Amino acid sequence: QVQLVESGGGLVQPGGSLRLSCAASGFAFSSYAMSWYRQAPGKERELVARITIYGIGTNYADSVKARFTISRDNAKNTVYLQMNNLKTEDTAMYYCSAGATPRYWGQGTQVTVSS
């Protein structure tokens, strides 16, 4: 059974940091590019960051460049998203997905940035 379980979301003040984790099971994690997406209320889901199979290549949405870092640990079947200098506009549900064209999705973790 394929599972992607996100964790690490929460409420944080502007300028703060959070680290999201996504634990994968039930498929060959190390054979998949992994991504983080987010969806804010009333908006479409957007790609935040993507990392290649071996973690060599990454790409980011312009809105998060220099603030967010995606990484992965293939030994732990886990992908991470370090989010620094958070802004109110980063408030959204964050989802991890597996596959260059997303094949599997997690259930999401809520990130709220508010003072």
Quiz item: Simple spin-label model, 7 Å along Cα-to-Cβ: S63 to Q13 in nm?
Solution: 2.4 nm
Quiz item: Hey, quick one: spin label on N74, modelled 7 Å out along Cα-Cβ, who in region 11-30 has an amide N within reach, i.e. under 14 Å?
Solution: 28-30
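Counting residues in the chain as N, plug N into 2.2 N^0.38 Å and put the Cα Rg over that result.
Numbers: Rg = 13.1 Å, N = 115, 2.2 N^0.38 = 13.4 Å.
Against the empirical 2.2 N^0.38 Å value, I get 0.98 for the chain.
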Quiz item: In sequence order, what are the phi-derived ³J(HN,Hα) couplings for region 69-83 according to the Karplus relation 6.51 cos²θ - 1.76 cosθ + 1.60 with θ = phi - 60°, rounded to whole Hz, with x for glycine and proline?
Solution: 9, 9, 8, 9, 10, 5, 5, 9, 6, 9, 10, 10, 9, 8, 10
Exercise. Counting only C-alpha contacts under 8 Å and six or more residues apart, can you give the relative contact order of the chain as a whole percent?
Key: 36 percent
Exercise. Calculate the length of the line joining the C-alpha centroid of region 76-112 to that of region 1-74, in whole Å.
Key: 4 Å
Quiz item: Can you list residues whose amide H is under 5 Å from G16's amide H, if they're 5+ apart or on another chain and H is modeled 1.01 Å from N?
Solution: L86
Exercise. Provide the per-residue ³J(HN,Hα) series for region 49-62, in order, calculated from phi with Karplus coefficients 6.51, -1.76, 1.60 and θ = phi - 60°, each as a whole number of Hz, with x at glycine and proline positions.
Key: 7, 9, 10, 6, 4, 9, x, 7, x, 9, 9, 9, 5, 4
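Values in this text are rule-based calculations from the coordinates and carry no lab data. Here the structure is a predicted model, which means the values were calculated and not measured. Positions of Cβ are backbone-derived with ideal geometry, glycine not excepted, and every protein chain shown enters the neighbour counts.
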